[in-house]
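Chemist: Starting off with a structure, shown below.
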Amino acid sequence: MPVGKPEFVFNPEPRCPVILLLDSSGSMDGQAIQELNKGIFTFKECVKEDGLASLRVEVAIISFGGSVSLVQSFVTIDQFMPPLLEASGATPMGEAIEYGLDLLEERKEIYRDSGIQYYRPWVWLITDGAPTDNWKNTAQRVRNADINRKICFFAVGVKGADMNILNQIATPERPPLLLNGLDFKNMFVWLSQSIRQVSNSKPGSGMVSLPPVGWCQAHV
């Protein structure tokens, strides 16, 4: 029986944590940030259609534009209120990733203390630029965490993104993907379908078969 936090007493389902690391720097201003905001709403609506996933999938959002901000702390999809991001500033991507990984470790400790099972967390990075801070140590941390099955890290580049740097952050087994135009909607539909499949599996059972990807192209 879960103990401690009321959220786990009332909903003792295993948790499937997803962190969205979202570039909100000045270059995302205009249509890009508008489509990204619409995509986040689509993600909520699609996951919510699955009753079990809405109780198991937890989302947190960290934005990086000028500064790094925790826009949404971990909450299940049935409680999630999509934010409206605004674009400005530089691209502190390294700091944002570090923040996200630290946040995940804290959340996993809460799960363990509360007797809650959890799935391998997904970390989903979206950017249209290049880091304006130190990122090389962060890249090694990401790769170590992914190789040791502590996270599943995904990097998505929007037009203008430095895909060579993203290649050095993501693992060779899961290389960065280049978004087709501003097709955030179909990207988030795919993400929601994928995470729904994961959350309907047994925790610890490994990667499930994911839907075909049609919203992007692999960058070599």
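The values are calculated or read from the model by the stated rules, or taken from the named source; none is laboratory data. Quick caveat: nothing in here was measured; it's all calculated off a predicted structure. Cβ atoms come from the backbone with ideal geometry, glycine included; neighbour counts cover every protein chain shown.
Chemist: Take the residues in region 82-101 that are more than 24 Å from TYR111 (Cα to Cα) and among the aliphatic types (A, V, I, L, M), then tell me which one is surrounded by the most Cβ atoms within 10 Å (Cβ to Cβ).
Modeler: Filtering first and then ranking leaves MET93.
Chemist: Here is a follow-up. Among the numbered criteria (1) modelled with pLDDT under 95; (2) buried (at least 22 other Cβ atoms within 10 Å of the Cβ); (3) of a type outside the set (A, V, I, L, M, F, W, C), which single criterion is violated by GLN79?
Modeler: All conditions are met except number (2).
Chemist: For the subset of region 58-72 comprising residues that are among the β-branched types (Val, Ile, Thr) and in contact with a Pro (Cβ under 7 Å, 6 or more places away or on another chain), which member is surrounded by the most Cβ atoms within 10 Å (Cβ to Cβ)?
Modeler: Once the filter is applied, the top-ranked residue is ILE61.
Chemist: Residues in region 123-142: is at least one modelled with pLDDT of 95 or more, crowded, with 20+ Cβ neighbours inside 10 Å, more than 21 Å from THR91 (Cβ to Cβ) and touching a Cys at 6+ places or on another chain (Cβ under 8 Å)?
Modeler: No; the residues of region 123-142 include none that is modelled with pLDDT of 95 or more, crowded, with 20+ Cβ neighbours inside 10 Å, more than 21 Å from THR91 (Cβ to Cβ) and touching a Cys at 6+ places or on another chain (Cβ under 8 Å).
Chemist: Just checking, does region 94-109 include any residue being among the hydrophobic types (A, V, I, L, M, F, W, C) and in a loop (DSSP other than H, G, I, E, B)?
Modeler: no
Chemist: For region 21-65, give me each residue that is over 30 Å from ASN11 (Cβ atoms), over 17 Å from the mean Cα position of the chain (by Cα) and not in a helix (DSSP H, G or I).
Modeler: SER25, ASP29, GLY30
Chemist: Considering region 15-54 alone, what residues qualify as being surrounded by fewer than 18 Cβ atoms within 10 Å (Cβ to Cβ) and under 13 Å from ILE195 (Cβ atoms)?
Modeler: LYS48, GLU49, LEU52
Chemist: Across region 52-81, what is the number of residues that are out of contact with any Asp or Glu (no Cβ under 9 Å at 6 or more places or on another chain) and of a type outside the set (A, V, I, L, M, F, W, C)?
Modeler: Matching residues across region 52-81 total 6.
Chemist: Related question: Under 7 Å by Cβ, and 6 or more places apart or on different chains, what pairs join a residue from region 118-138 that is among the small types (Gly, Ala, Ser) with one that is not in a loop (DSSP other than H, G, I, E, B)?
Modeler: Short answer, once both residue conditions are applied: GLY129/ASP23; GLY129/SER27; ALA130/ILE165.
Chemist: A follow-up question, please. For region 172-189, how many residues are within 16 Å of VAL123 (Cα to Cα) and surrounded by 20 or more Cβ atoms within 10 Å (Cβ to Cβ)?
Modeler: Adding up the residues that qualify gives 4.
Chemist: Filter region 168-210 for residues that are of a type outside the set (Gly, Ala, Ser) and more than 17 Å from the chain's Cα centre (by Cα) and give the result. Please lay out each step first, then the result.
Modeler: Start the filter on region 168-210 by keeping residues that are of a type outside the set (Gly, Ala, Ser), which leaves 168-169, 171-180, 182-191, 193, 195-198, 200, 202-203, 207-208, 210.
GLN168, PRO172, GLU173, ASN180, LEU182, ASN200, LYS202, PRO203, VAL208 - these are the residues of region 168-210 that are of a type outside the set (Gly, Ala, Ser) and more than 17 Å from the chain's Cα centre (by Cα).
Chemist: Return the residues of region 45-58 that are touching a residue at least 60 places away in the same chain (Cβ under 8 Å) and touching a strand residue (DSSP E or B) at 6+ places or on another chain (Cβ under 9 Å); say none if nothing qualifies.
Modeler: Hits for region 45-58 are VAL47, ASP50, ALA53, ARG56, VAL57.
Chemist: Limited to region 1-47, what total is found for residues that are closer than 21 Å to CYS152 by Cα, out of contact with any Gly (no Cβ under 6 Å at 6 or more places or on another chain) and among the β-branched types (Val, Ile, Thr)?
Modeler: 3
Chemist: If we scan region 198-205, do we find a residue that is surrounded by fewer than 16 Cβ atoms within 10 Å (Cβ to Cβ) and either at pLDDT 95 or above or among the β-branched types (Val, Ile, Thr) (or both)?
Modeler: No, region 198-205 has no match at all.
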